[in-house]
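J.: Once you've had a glance at the structure underneath, I'll fire off some questions.
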Amino acid sequence: MQKVKQFLNPTFMSQLAMALAIILTFIAITLVVTHRGMPRVHTPVTPAENKTVVVVASGDTLGKILVDQGLNNSDVNQIADVLKKNAGISTLRADNDKIEFVRNGDDAPVSKIVVIPSPWKQVELTCGENGGWNCNTIEVERDTRAVYKSGEIKNGDSFYLAGIRAGIPAGVLIDVYDLLAFEMDFERDVRAGQHFSVLYEENFAHGAKVDNGHVLAVQFEALRGNVKMYRFKKSDGTSGYYDENGNGAIKSLKRTPINNAKVTSNFSSGRKHPILGFTRAHKGVDFRAATGTPIPAAGAGRVIARGFNRGHGNYVKIRHNGSYETLYAHLSKFAKGVVVGTAVRQGQIIGYAGSTGMSTGPHLHYEIIKDGKHVNPLTVKLPAISNLGDADKKKFIEYRKTLDNGIEMLTQNPKWFIQM
Ligand SMILES: [Zn+2]
C-alpha cells in the first residue's frame, strides 16, 4: 500500500517525468554521438516450414554435417567455397557455431542453410534455380543498454570480491582490471572505504540478453587520487579511453624512460659482457645518458627496491601493478625522497644517470620485468596510449558531460538503464 501511495505522490510523478525527459534527451544525443552512419539490418523472419538446428560438436566438419543433412559432394564443395570467399568462414568452432537447415517440406531437399558463428552474425546460404549457392551475411540487430553498478571495498576485500558483490559480471571486472592496470596495483593499493563504479553495456537481441559489451565509464578512488575513464569513439572510427579532460587515460610503461636517448646496447638472451668478457644475457636495454641526466619513472607505481649491488651499481626498482616491474641501474645518485615504499607517478624523477656498478661509461640500464620474467622493453606488447585531436576533444567533452548526467541519474535510480 505504501509503495502505491509513493507512486501516486505528485512530487514523485513530476520527478519521474523530469527524469524520463532527461533520459530521452540523453538517448537522442548518444544516438547521434555513437551511431551516426552505422547502418543496421533487421533479421528477416524465416518461415519455419521445417527447420533443423545442428550445434557443431567436437570432431565435426562442415562436410560431415552437410552430408548428414543429405547434401551431395558437389553442394558441399560449393558451400565450403562460398562460405570461405564471401563470409570468411573456413573452420567451425565446436560448442559455439550453429547451423540451421531449412526445407520446404518434410522430404524436400535443403533449400536454405544458416550458419551462425556468433549471436550477432548469421550467414544465409540459399540454393538458386540453377543449383548454385548464394551467400548473404546478416548482422543481427543489437539492442544495447548501459547499466551502472557501484560498490565499496570492505575490510579484507579484493577489488574482485567487492566488484562481484556490487553485481558487476566477472568478464566486465577483468576489463576494468586491464583499464586500470597501470593506474593502480590491485594487490597492494586496495583499501577499505574506496568507492568504485562501472557503466557498461549489456547487449540484447530480440528482447533477450546475449552478452556484456564494453566498459563505457569507470571510476575508482585510488590511493593516488580519483581515477575516471570514459570510452569514446574518435572520428577515425577507433575507440579509446580518456580522462575527464579528454587526455588519453590508458597509462602504460614508457619503452624508453629518457626521451630521444640513443640505444647503445639492446636486450639479448646472450651477449659478450664488456667487462666480464664472457657471454651472458643482457636483461635490459642501455641508453646513452650523461652523468646527472634525470631519470624519470617509466610508469606510475611504488618503489620496491633502492640500493647498490656489484652489477647494477645504484639502482631503483618500481612495481607498477600485479604484472610489471621496472629497474633503473648505474645511477650516480637517487632523487630526494625516493625510498622503498614511495608511490611515484609516471615521469617523476627517481634518480640521475651515472656509471656505478659494472659499467664502461655513463648510461641508463633499463629493465622491464613482466610476471617475474625479463622482457625486451623495446618490443614487449604494452597497452597503446591514445590521444585526441582538438576537434575530437571538443566532441568528447560534450559526450562526457552527457554521460556524466546519465550516470548521475542512474546513481539515483540503480534499476534504470540508458538505451544506447
Ligand atoms: Zn645494460
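Coordinate-derived values only; no laboratory data. Since we're looking at a predicted model, the values are computed, not measured. Because the Cβ atoms are built from the backbone with ideal geometry, glycine has one as well, and the counts that use them run over all protein chains shown.
J.: Taking 8 Å as the Cα distance limit and 6 or more residues as the minimum spacing, I'd like the relative contact order of the chain as a percentage. Please list the in-between numbers first.
T.: Numbers: 823 pairs, mean separation 53.1, N = 420.
The value is 13 percent.
J.: Now a separate question. I'd like the trypsin sites (Lys or Arg not before Pro) in the stretch 366-420 restricted to DSSP loop residues with at most 15 other Cβ atoms within 10 Å, sorted by number.
T.: For trypsin sites (Lys or Arg not before Pro) across the stretch 366-420 that sit outside H, G, I, E and B with at most 15 neighbouring Cβ atoms in 10 Å, the list reads LYS381, LYS415.
J.: Under the 0.36 nm per residue contour assumption, what length would be gained going from the current alpha-carbon distance of LYS85 and GLU221 to full extension?
T.: Using 0.36 nm per residue and subtracting the Cα-Cα distance, I get 44.0 nm.
J.: Grab the DSSP H runs of the chain that are 4 residues or longer, score each as -39,500 (n - 2.57), total them, divide by all residues and round the 222 nm result to the nearest 500 deg cm²/dmol.
T.: Taken over the chain, the calculation gives -7500 deg cm²/dmol.
J.: Same structure again: Under a cut-off of 16 Å between alpha-carbon atoms, report the lysines in cross-link reach of LYS84, not counting same-chain residues fewer than 8 places apart.
T.: LYS121
J.: Quick one: P(r) of the stretch 50-139 from all Cα-Cα pairs, 5 Å bins, percents rounded to integers, in order of increasing distance.
T.: In whole percents, the pair-distance histogram is 3, 14, 27, 30, 18, 7, 1.
J.: Evaluate the distance, in nm, between pseudo-label points positioned 7 Å from the Cα of ILE349 and of ALA170 along their respective Cα→Cβ axes.
T.: Placing both labels 7 Å beyond Cα along the Cβ direction yields 4.8 nm.
J.: Calculate the translational D of the stretch 312-396 in whole µm² s⁻¹ from Stokes-Einstein, where the hydrodynamic radius comes from the Kirkwood formula applied to all Cα pairs, the temperature is 20 °C and the viscosity 1.002 mPa s. Could the numbers behind the result be given before it?
T.: On the way: Rh = 14.9 Å.
This corresponds to a translational diffusion coefficient of 144 µm²/s.
J.: Would you kindly calculate the mean projected area, averaged across all directions, of the convex hull enclosing the Cα atoms of the chain, in square nanometres?
T.: Its average projected convex-hull area is 30.7 nm².
J.: Reachable lysines from LYS317, Cα under 18 Å, same-chain residues fewer than 8 places away excluded?
T.: Within the straight-line cut-off, LYS317 pairs with LYS254, LYS283, LYS333, LYS336, LYS370, LYS373.
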